[in-house]
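The values are calculated or read from the model by the stated rules, or taken from the named source; none is laboratory data. What you are looking at is a predicted structure, and each value in this text was computed from that prediction instead of being measured. As a convention, Cβ positions derive from the backbone with ideal geometry for all residues, glycine included, and neighbour counts pool all protein chains shown. The protein model used for the area step is the full one, side chains on, heavy atoms only, and it has no ligands, DNA or RNA in it. Shrake-Rupley method; radii C 1.70, N 1.55, O 1.52, S 1.80 Å.
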Amino acid sequence: MNRDGSPTLDARTLLGLSPVLPVVVLDDADAAVATARALLAGGVGVMEVTLRTPAALEAITRIRLEVPDLVVGAGTVTRPDQADRAAHAGATFLVTPGQTDTLLDAAVATGLPVLPGVATVSEALRAAERGLDTLKFFPAEASGGAAALSAFAGPLPDLRFCPTGGITPDNAARYLALPNVDCVGGTWLTPADAIAARDLGRIETLAREATTPTT
């Protein structure tokens, strides 16, 4: 259970909520709820709010309270204190760009699903030794792209990945076709200019395009 008594998702279920996990940077907490509602209207029921801005924690709280049908988590968790603060703000999952023992200890201690960032087989093995089998492959394109992640599947068949970093509408399908990938993370669903202009129709359209199967 989460701290508010709601059921906790597991990481595998989290990756199955949408083929694209929006990675959202919010400079203004006032834009949080509208952005979340636009994503939900477009068929995307999950979003990662990055802790890159002072507004991020308040944004998470407001989304959790005002858009309860959307699953909101905290990304770019780089310090142990951020894990606890994000959990108290209402995050329902945590995403880290990399891993240290101290950071993972703090993230796991929250009881929330954790997607630790890995870029190599050794890092993936280290996470797996801690019982974390659902991972963020980051930075995906700079770390060898879909070809590298495809190679991970041989020695690490039990691990699942959400590649993030350099993912675009043009290359997302290559990752999603891999047997060890359940979703991709990307920023293109919530462009900074669309958030700033409150262009909710554009965000909704991008979300719908990301979740509509191609034929």
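Yes/no per residue for (1) surrounded by 24 or more Cβ atoms within 10 Å (Cβ to Cβ); (2) in contact with a Ser or Thr (Cβ under 7 Å, 6 or more places away or on another chain); (3) under 30 Å from residue 41 (Cα atoms):
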site: 73; (1), (2), (3): yes, yes, yes
site: 79; (1), (2), (3): no, no, no
site: 82; (1), (2), (3): no, no, yes
site: 85; (1), (2), (3): no, no, yes
site: 89; (1), (2), (3): no, yes, yes
site: 109; (1), (2), (3): no, no, no
Within segment 180-215, tally of residues that are part of a loop (DSSP other than H, G, I, E, B) and open to solvent by 60 Å² or more (accessible area, probe 1.4 Å): 8
Cβ-Cβ below 9 Å, separation at least six or inter-chain, first residue in segment 91-116 and closer than 16 Å to residue 51 by Cβ, second among the acidic types (Asp, Glu) and not in a helix (DSSP H, G or I): which pairs? 93/48; 95/48; 115/48
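Has segment 65-85 got any residue that is within 15 Å of the chain's Cα centre (by Cα), in a helix (DSSP H, G or I), of a type outside the set (Ser, Thr, Tyr) and farther than 27 Å from residue 175 by Cα? Spell out the reasoning first.
Initial filter on segment 65-85 (within 15 Å of the chain's Cα centre (by Cα)): 70-78, 83.
In the following step, the residues that additionally are in a helix (DSSP H, G or I) were identified as 83.
From the residues that got through so far, the ones that are of a type outside the set (Ser, Thr, Tyr) too are 83.
Now restrict to residues that are farther than 27 Å from residue 175 by Cα: 83.
Checked segment 65-85: at least one residue is within 15 Å of the chain's Cα centre (by Cα), in a helix (DSSP H, G or I), of a type outside the set (Ser, Thr, Tyr) and farther than 27 Å from residue 175 by Cα.
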Segment 15-64, residues that are of a type in the set (Gly, Ala, Ser), outside any loop (DSSP other than H, G, I, E, B) and crowded, with 18+ Cβ neighbours inside 10 Å: 29, 31, 32, 36, 38, 56, 59
Listed by first then second residue, the pairs whose first member lies in segment 41-55 and is more than 19 Å from residue 11 (Cα to Cα) and among the hydroxyl-bearing types (Ser, Thr, Tyr), whose partner is open to solvent by less than 20 Å² (accessible area, probe 1.4 Å) and assigned to a loop (DSSP other than H, G, I, E, B), with beta carbons under 8 Å and at least 6 positions apart or on separate chains, are 53/26
Within segment 93-106, can one find any residue that is more than 30 Å from residue 154 (Cβ to Cβ), touching a strand residue (DSSP E or B) at 6+ places or on another chain (Cβ under 9 Å) and open to solvent by 50 Å² or more (accessible area, probe 1.4 Å)? no
